[in-house]
Amino acid sequence: MPYHVKTPSKVNTGDVYWKGDNSWTNDYASRKQFSSKADADAIKATTVTSPQGITYQPKWFANATVVTE
């Protein structure tokens, strides 16, 4: 069963979908699909470390949900 990651759009109404290569898309057909929930959860759990050494989760990942199709 495929999975994908979505998050609320900050610019338009509706959702945007994880496309891969550090990008999001509002085109549902262009979303990246994952064969396992664990792979999708790993994307949702993405963190970034700032040059000052502070690790945080960007809002687009913090607000994301993993969806099963």
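The values are calculated or read from the model by the stated rules, or taken from the named source; none is laboratory data. For clarity, every value in this text was computed on a predicted model and none was experimentally measured. As a convention, Cβ positions derive from the backbone with ideal geometry for all residues, glycine included, and neighbour counts pool all protein chains shown. Heads up: the accessible areas ignore ligands, DNA and RNA and are worked out on the full protein's heavy atoms, side chains in. Shrake-Rupley method; radii C 1.70, N 1.55, O 1.52, S 1.80 Å.
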Within the range 49-69, restricting to residues that are assigned to a loop (DSSP other than H, G, I, E, B) and either in contact with a Ser or Thr (Cβ under 9 Å, 6 or more places away or on another chain) or hydroxyl-bearing (Ser, Thr, Tyr) (or both), the one that is surrounded by the most Cβ atoms within 10 Å (Cβ to Cβ) is 64
Of all residues in the range 1-19, which are open to solvent by 100 Å² or more (accessible area, probe 1.4 Å) and among the hydroxyl-bearing types (Ser, Thr, Tyr)?
13
Which of the residues that make up the range 23-42 are more than 17 Å from residue 9 (Cα to Cα) and either touching a Gly at 6+ places or on another chain (Cβ under 6 Å) or not charged (D, E, K, R) (or both)?
33, 34, 35, 36, 38, 40, 42
What about residue 46, is it part of a strand (DSSP E or B) and of a type in the set (S, T, N, Q)?
no
Given the condition modelled with pLDDT under 95, of a type in the set (Gly, Ala, Ser), open to solvent by less than 80 Å² (accessible area, probe 1.4 Å) and part of a loop (DSSP other than H, G, I, E, B), answer yes or no: does some residue in the range 20-41 qualify?
no
